[in-house]
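K.L.:
Before we start, here is the structure in question, set down as structure tokens.
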Amino acid sequence: MSVTYMVSGFAVGLLVGLTGVGGGSLMTPLLTLLFGIHPTVAVGTDLAFASVTKVAGTFAHRYKGNVHWDIVRLLCIGALPAAVVTTLVLKYVGGLSDEIGHIIRYSIAGSVMLTVIALIFRKHIQNWVNAHPERQLHGRKLAAATIISGVILGTLVTISSIGAGAIGATILVLLYPRLSPAEIAGTDIAYAVPLTAIAALGHWWLGSINWELLATLLLGSVPGITIGSLLSRAIPEKVLRALLAVVLTTVAVKLVH
């Protein structure tokens with residue numbers, strides 16, 4: 001089974017490298033559907049997986065000057081307390097119970113569909129925002145909207161491990177349309193590091209991290225991400241994102257049914 005997990009880690013890493021979409025929307029449903037792992041354990045293990053893999057990405061983007069730390073700070077003001085509160089709620093209601101497992105399963109499905117929407121309409125949203133500069137927020141309103149977005153993302157990520165990638169990037173496009181794609185990616189990855197780390201610590205406290213599984217997935221994902229990144233320019237982005245949207249929609253449907 002460990003070889004199967006390693007291959008799965010490689011496959012997810014390859015897709016992440018090719019598309020840039022966060023591994024949570026791929027890894028968590030895979031663990032739940034294919035391997036029958038309890039949804040809470042799948043979420044906790046994937047959060048630990050993400051907290052490790054995103055560190056390297058943050059260093060790379062910081063080196064290139066792609067991280068806007070003021071935006072990261074505002075997102076963290078909302079996201080980190082939300083992650084703590086959500087963890088406490090999961091602890092109170094019983095994070096490993098079958099009832100909560102079903103709720104988390106549906107949360108994963110909903111988060112996957114939000115990722116699909118973000119994939120399909122991200123450029124349309126960006127074009128609309130750029131065409132209507134009068135609708136853009138500034139000053140305190142922009143700061144407040146960023147913090148509120150952090151609260152939503154922190155809650156979503158802690159429950160489902162999904163949201164810090166495509167959904168977070170789409171929110172940044174909506175709030176900060178003047179940022180370049182590299183700056184969106186760098187800022188999105190940077191705030192996700194402390195968020196996934198705190199959420200992972202919370203799930204460790206809940207007892208919902210499979211450490212052996214985590215190590216095996218990491219062994220497969222590192223070469224997968226590397227190869228995917230090298231091949232990404234050889235395949236048209238539209239083809240990749242369309243394929244990924246179809247796969248994720250199928251996953252969401254199977255999670256519900």
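Just so it is clear, none of the values below were taken in a lab; they were calculated from the coordinates. Computed from a predicted structure; not experimentally measured. Please note: Cβ atoms are built from the backbone with ideal geometry, for glycine as well, and neighbour counts cover all protein chains shown.
K.L.:
Which order results if Arg178, Arg73 are arranged by neighbouring Cβ count within 10 Å, fewest first? Each step should come with its number before you reach the end.
P.N.:
On the way: Arg178 9, Arg73 14.
By the 10 Å Cβ count, ascending: Arg178, Arg73.
K.L.:
A follow-up question, please. How many nm separate the modelled label positions at Phe121 and Leu243, each set 7 Å beyond the Cα in the direction of the Cβ?
P.N.:
Simple spin-label model gives 2.6 nm for this pair.
K.L.:
Determine, for Thr146, Thr86, Thr115, Thr250, the number of other Cβ atoms within 10 Å of each Cβ, and report the residues in order from fewest to most.
P.N.:
Fewest-to-most ranking of Thr146, Thr86, Thr115, Thr250: Thr250, Thr86, Thr146, Thr115.
K.L.:
Continuing with this model, one more query. Using the count of nearby Cβ atoms within 10 Å as a rough guide to exposure, how do Tyr176, Tyr5, Tyr191 rank from fewest to most?
P.N.:
Fewest to most other Cβ atoms nearby, the residues stand as Tyr176, Tyr5, Tyr191.
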